[in-house]
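The structure appears below as structure tokens.
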Amino acid sequence: MSTVYVQVHLPITNVLCLDMAIREAGGTWDAPEIIHEIRRAKAATSEAIGTQNTIIANNEYARLLQSLATAVMPSTINVKVEGRTMRFTINRGRYSLSTPAGTQSGLQQTVLSISKLYDKNMKLIENELNKTIQTLEQQKDILSAEQVQSLRSVIEGQQNAIQSANKERVVEVTKEIEEKLAARGFEIRKRMVGKKIVYQAVRR
Amino acid sequence: MWIGHRSEHSTIYGPGLRYVIWTQGCTLACEGCWNKQFWPKGGTPVTIADLVEEIRQVKGIEGITILGGEPLQQANATLELIQSVKAAGLTVFMYTGYEPEEFDETMQACFDSSDIVVTGRYIESQRNVNLRWRGSTNQMVHCPTGRYSLSELIEQNEVEIVVNQDGTIELYGYPDSEIREWIGNQSAT
């Protein structure tokens, strides 16, 4: 028999979106305190009445997001979805878990659905921010618009960080693969299939 | 047909670049099987027409490889797949845990229509990672159609590692325990 084995990952760069995605998938996780604070602050932005209160709520939300950008995330997290608890460990900017490929556990499907919700939430946050900026600009509240612009730049920075983290991870992983296989006496053929890198390793 | 997993491009399950299909469901329960996740019934249901259309869209492949699970426990669907794929000009490599003497008529037709077939249970005590295309020394390679020849079979240890765009890794083939352990540890380091 041959092995079929894949790694599954949860994005980490924008932990807020990860939090939203896990909850939207009907799951829970041992989120750090700052996530709980952000949940409350975000709720406050939609509950605020009047321009002044909206500005205050948005400023607090932005402040917490700024803090989140530099906060140290836990090295392991436990995600519980549909009665299944999955323990993820930080690995190069992602929460990772190794699992055999296939459909028996359903784990990959669960993680994939969370990842899709994550992507959707990233877009949702962008849209929300754009909408907020438009609203505030209509009110000619330049200072508040600048604050929200700052908030948006935090998100954009995090999106860029995701792409950079992916690229960095690919570089590190491929380097390790090549070293490990060569050390075990494998001849390596490397090719690109679409955007994937495929190593065929042969040892006679 | 019930499918457990698919890979659009692989070079280690047969000659050339191949589309690989892991069928879902196997009752043979070989001791030491590495793909126990494909034992239970279930998986993703696909029609042969949809699957063949999907395969036809993949450019540059020489053929398909069907493994599992146990393809011959869905022999009617497997036969339809084999015949459709061959009609599209592709070659077929099939794995089965059954021995030829265990075949019924449909299973025999699957065997006869395939270009390469590996037969026999995986026997852990006869495990050998230096065999090409198979995991234990009792398993036999056949070339029923004459499209390929056994003289092309060079015994070697083969592993395929796919690095996805987001840095995730997929491992296929016949890795030794050190490589499997290393891939596993990737998530813990």
Positive-end residue of B:Ile161, B:Pro15, B:Ala29, charge dipole of chain B with Cβ unit charges
B:Ile161
Count the net charge of all other residues whose Cβ sits under 13 Å from the Cβ of B:Phe93, scoring Lys and Arg as +1 and Asp and Glu as -1.
+2
Could you work out the per residue convex hull volume over the alpha carbons of chain B, in cubic angstrom?
126
222 nm mean residue ellipticity, helices alone, for chain B (DSSP H n ≥ 4; -39,500 (n - 2.57); rounded to 500):
-6500 deg cm²/dmol
Separation of the stretch A:29-64 and the stretch B:109-148 by C-alpha centroid, Å?
62
Please compute the volume of the convex hull spanned by the alpha-carbon atoms of the stretch B:31-137 and report it per residue in Å³.
117
Normalising by the residue count of chain B, find the relative contact order in percent from Cα pairs under 8 Å and 6+ residues apart.
17
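Only the coordinates and a few stated rules stand behind these numbers; no lab work does. On a predicted model such as this, the values are computed, not experimentally measured, just so you know. No Cβ is skipped: glycine too gets one built from the backbone with ideal geometry, and neighbour counts run over all protein chains shown.
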